[in-house]
Amino acid sequence: MPISITLIGGPTALIEIDGFRLLTDPTFDGPGAYQLPHVKLEKTIGPALKADAIGPVDAVLLSHDQHSDNLDNSGRELLFKVKRVLTTEAGARRLGGHVEGLAPWDTTQVRDRDGNTLTITATPARHGPAGIEPLSGDVIGFVVSSSNKDSRPVYISGDTTWFDGVAEVARRFDCGVVLPFAGAAQTRGPFHLTMDTNDTIETARAFPDAVIVPVHTEGWAHFRQNGEDLRKTFDVLGFGPRLRLLEPGVPTVIEAP
């Protein structure tokens, strides 16, 4: 069963699966600067779609709430207009309201009126190298599994680098589509906070026949790599046919093998 993905910008994508509509890390502000406690982030490209143009959403999958390149001011406003918001346990406490917190490997379900369901599993994520957690905070990814037996799970990595937690996701789930948060984000130190080209290749190897659909590659000054870097790397190493780069604002049908 094919799915449709519309890249809105940065980590924000609308994913349509079996009639359900899911939104990842909502960022709808225009270009500008964001001063965080220890670093300033600069957004260079606005969203391909405005928040009020995306229509109803069944759930927001928020990998974490503390960084503006994953949840900006407009994104925060949107959270309280949607049915469900799933994020880290710490993020749910900070955001309050109807936001639901999940620990890695926790599951929940989204249902429609016809009895169809999506099972959403929170997955481990590490926002940088080992030891980064006190600085970057908690992060999760998500695996989305449909009750439709013709569908394969979809993996959304969240802000993470390649580490044992991502490898464990690959051991547990036979995902047909994988959305790695790439871009090799770099802020305060000589290390990456999200997947670089090497990490994305490792992820492609771990999910040996999945379609790789990267997000989080454009739109912020602290992203050190982009979609073209991924394209070159995948082509050189023979993974090119499995890579799908999205055009912002254009719904793209992705069919798992």
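Values of log10 I(q)/I(0) for the range 161-203 across q = 0.34 Å⁻¹ run -1.23, by the Debye formula with one identical scatterer at each alpha carbon and no solvent. Listed values for the range 145-158 are Karplus-derived 3J(HN,Hα) couplings in whole Hz (6.51 cos²θ - 1.76 cosθ + 1.60, θ = phi - 60°), namely 10, 8, 6, 5, 5, 8, 9, 10, x, 10, 10, 10, 6, x, and x replaces Gly and Pro.
Taking a ≥ b ≥ c as the square roots of the eigenvalues of the Cα gyration tensor of the range 58-150, is the shape rounded (a/c under 1.5), prolate (a/b larger than b/c) or oblate? The shape class here is oblate.
Please state, to two decimals, what the Cα-based radius of gyration of the chain comes to when divided by 2.2 N^0.38 Å (N = residues).
0.91
Taking a straight Cα-Cα cut-off under 23 Å and skipping sequence neighbours fewer than 8 places away in the same chain, the lysines within cross-link reach of Lys81 are Lys50.
If a/c stays under 1.5 just call it rounded; otherwise compare a/b with b/c (prolate if a/b is bigger, oblate if not). Do that for the range 34-73, with a ≥ b ≥ c from the square roots of the Cα gyration tensor eigenvalues.
Since a/c reaches 1.5 but b/c is at least a/b, the shape of the range 34-73 is classed as oblate.
Pair-distance distribution P(r) for the range 150-257, from all Cα-Cα distances in 10 Å bins starting at 0: 15, 50, 31, 4, 0 percent. Dipole of the chain computed with +1 at Lys/Arg Cβ and -1 at Asp/Glu Cβ about the Cα centre; of Thr194, Leu230, Gly115, farthest Cα towards the positive end is Gly115.
The mean sequence distance of close C-alpha pairs (under 8 Å, at least 6 residues apart), as a share of the length of the chain, puts its relative contact order at 19 percent. Backbone phi angles across the range 181-189, fed through the Karplus curve with coefficients 6.51, -1.76 and 1.60 (θ = phi - 60°), yield HN-Hα couplings of 7, 9, x, 6, 4, 9, 10, 8, x Hz in residue order; Gly and Pro are listed as x.
Mean residue ellipticity at 222 nm, helices only, the chain: -5000 deg cm²/dmol; runs of at least 4 DSSP H residues each add -39,500 (n - 2.57), and the sum is divided by the number of residues. Could you tell me which of Leu61, Trp220, Gly97 has its Cα farthest along the dipole of the chain towards the positive end, charges placed at Cβ (Lys, Arg +1; Asp, Glu -1), taken about the Cα centre? Farthest towards the positive end: Gly97.
In the context of the full set of protein chains, the chain has a per residue accessible area of 42 Å² (1.4 Å probe). Ranked by the mean number of other Cβ atoms within 10 Å per residue, highest first, peptides 74-84, 106-116 order as 74-84, 106-116. By the Stokes-Einstein formula, at 1.306 mPa s and 10 °C, the range 1-140 with its Kirkwood radius over alpha-carbon pairs has D equal to 101 µm²/s.
Name the shape class, rounded, prolate or oblate, that the alpha-carbon gyration tensor gives for the range 86-237, where a ≥ b ≥ c are the square roots of its eigenvalues, rounded holds for a/c under 1.5, and otherwise prolate holds if a/b is larger than b/c and oblate otherwise. It is oblate, given that a/c is not under 1.5 and a/b is not larger than b/c.
The values are calculated or read from the model by the stated rules, or taken from the named source; none is laboratory data. What you are looking at is a predicted structure, and each value in this text was computed from that prediction instead of being measured. Virtual Cβ from ideal backbone geometry, glycine too; neighbours counted across all protein chains shown. Surface accessibility is based on the protein's heavy atoms, side chains included, excluding ligands, DNA and RNA. Shrake-Rupley method; radii C 1.70, N 1.55, O 1.52, S 1.80 Å.
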